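J.: The following block contains the structure, expressed as structure tokens.
The values are calculated or read from the model by the stated rules, or taken from the named source; none is laboratory data. Keep in mind that what you see is a predicted model, and the values were worked out from it rather than measured. Note that we place each Cβ from the backbone using ideal geometry, even for glycine, and neighbour counts take in every protein chain shown. Just the protein is used for accessible areas: all its heavy atoms, side chains included, with ligands, DNA and RNA removed. Shrake-Rupley method; radii C 1.70, N 1.55, O 1.52, S 1.80 Å.
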Amino acid sequence: NPDTNYPAIADSAVLMAELFRNHGFDTAAITEHYYFKGERNIRQGFREWDNGDGDVQGIKTANKMATAPSITDRSMAQLDILSQGESPFLVFIHYSDPHSEYIRHPKPWRFGKTLQDRYDGEIAFCDHHFGRLLQHMEQLGLRENTVMVILSDHGEAFGEHRFHFHGHTLFEEEIRVPLILSGPGIVPGNTATAVSLVDVLPTLAHLFNLNH
């Protein structure tokens, strides 16, 4: 049940957007999924949250939509506005694909008929549209002075331990996720140190010298 897996956040919780907005940052979010409806109270601290059709979707509808083109288009439009402002900004952009039910996209994003083939096609499709976003950031002159954090909330299982999809186990295939930081003040390299997504907020607070 998505409502019990993801209960509403307490008003007393201090979320990332609240911390940044309290330090003078403009804040916006671009999403399109059932999980981001306002009643979940996840929008604390955001001046604007554009959830597209997500506010009228059910969970089954949300997981059958290819939203990457819309997410990229709306994110580029938002960056056009924010880049003209005088305030620094924090933008949360959420691509809900790749995600089951693994939509079959046209060539060149079609690799076969198996579940993993379709998942790979979803990754390639999303990567294409994310690439459009990066190109737009280059055109706006944002790549040199913008910190980017790229992460995922979960992995995906394909029968490695008799399970498929996610949310069932704590095996590596479900809990190991990418975490990429890029931007000024970040030295390129890899780390073998174990980290967690809970480390993202304190890391950014330290990088921007924000007091909690």
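J.: Please work out, to two decimal places, the log10 of the ratio I(q)/I(0) at q = 0.13, 0.14, 0.31, 0.33 Å⁻¹ from a Debye calculation in which every Cα of the stretch 164-212 carries one identical scatterer.
T.: Values returned for q = 0.13, 0.14, 0.31, 0.33 Å⁻¹ are -0.45, -0.51, -1.31, -1.36.
J.: Within the stretch 106-122, list the residues whose amide N lies under 15 Å from a label point set 7 Å along Cα→Cβ of Phe171.
T.: 116, by backbone N distance to the label point.
J.: Rounding to the nearest 10 and keeping the result within 0 to 90°, find how far the Cα-based axis of helix 68-82 lies from the longest principal axis of the chain.
T.: The two axes meet at around 0 degrees.
J.: Now, a different point. Can you bin every Cα-Cα distance in the stretch 32-75 into 5 Å intervals starting at zero and give me the percent of pairs per bin, rounded to whole numbers?
T.: Calculated over all Cα pairs of the stretch 32-75, the distribution is 5, 23, 30, 24, 14, 3 percent.
J.: What is the sum of charges, Lys and Arg at +1 and Asp and Glu at -1, for the other residues whose Cβ falls under 11 Å from the Cβ of Thr169?
T.: Result for the neighbourhood of Thr169: -3.
J.: Taking 1 over the mean of 1/r across every pair of different Cα atoms in the chain, what Kirkwood radius in Å do you get?
T.: 18.7 Å
J.: With the dipole of the chain worked out from charges on the C-beta (+1 for Lys and Arg, -1 for Asp and Glu) around the Cα centre, which of Phe125, Asn41, Leu151 lies farthest toward the positive end?
T.: Phe125
J.: Along the charge dipole of the chain, pointing to its positive end and built from +1/-1 on Cβ of Lys, Arg, Asp and Glu, which listed residue (Met16, Phe89, Ala66) has its Cα farthest out?
T.: Ala66
J.: Also: Percent relative contact order of the chain, based on C-alpha pairs within less than 8 angstrom and at least six residues apart?
T.: Reported relative contact order: 16 percent.
J.: Project the alpha carbons of the stretch 108-175 onto their principal axes and report the range along each, largest first, in whole Å.
T.: So the extents along the principal axes, rounded to whole Å, are 47, 29, 12.
J.: Right, something else. Please compute the per residue accessible area over the chain with all protein chains in place, 1.4 Å probe, rounded to a whole number of Å².
T.: Each residue of the chain exposes 60 Å² on average to a 1.4 Å probe.
J.: Determine the share of the stretch 1-137's accessible area contributed by carbon and sulfur atoms, expressed in whole percent, with a 1.4 angstrom probe.
T.: 52 percent
J.: While we're looking at this one, here's another question. Using the Kirkwood radius built from alpha carbon pairs, what does the Stokes-Einstein equation give as D for the stretch 1-60 at 37 °C and 0.692 mPa s, in µm² per second?
T.: 268 µm²/s
J.: Using square roots of five times the C-alpha gyration tensor eigenvalues, list the equivalent-ellipsoid semi-axes of the stretch 86-212 in whole Å, biggest first.
T.: 30, 21, 12
J.: Next question. Considering just Cα atoms, how many Å³ per residue does the convex hull of the stretch 64-131 enclose?
T.: Value for the stretch 64-131: 80 Å³ per residue.
J.: Quick check on the chain: helices-only [θ] at 222 nm, where DSSP H runs of length 4 and up contribute -39,500 (n - 2.57) each and the sum goes over total residues. Nearest 500, please.
T.: So the helix-based figure for the chain works out to -9000 deg cm²/dmol.
J.: Taking Lys37 as the anchor, which lysines have their alpha carbon closer than 28 Å to its alpha carbon, excluding any fewer than eight residues away along the same chain?
T.: Filter leaves Lys60, Lys64.
J.: Quick check: the distance between the Cα centres of the stretch 55-86 and the stretch 142-208, to the nearest angstrom?
T.: So the separation of the two Cα centres works out to 21 Å.
J.: Now for a separate question. Please give the charge dipole size of the stretch 83-212, origin at the Cα centre, charges +1 on K and R Cβ atoms and -1 on D and E Cβ atoms. Round to the nearest 20 debye.
T.: 320 debye
J.: For the stretch 5-125, divide the Cα radius of gyration by the Kirkwood radius and give the resulting Rg/Rh value with two decimals.
T.: That ratio equals 1.04.
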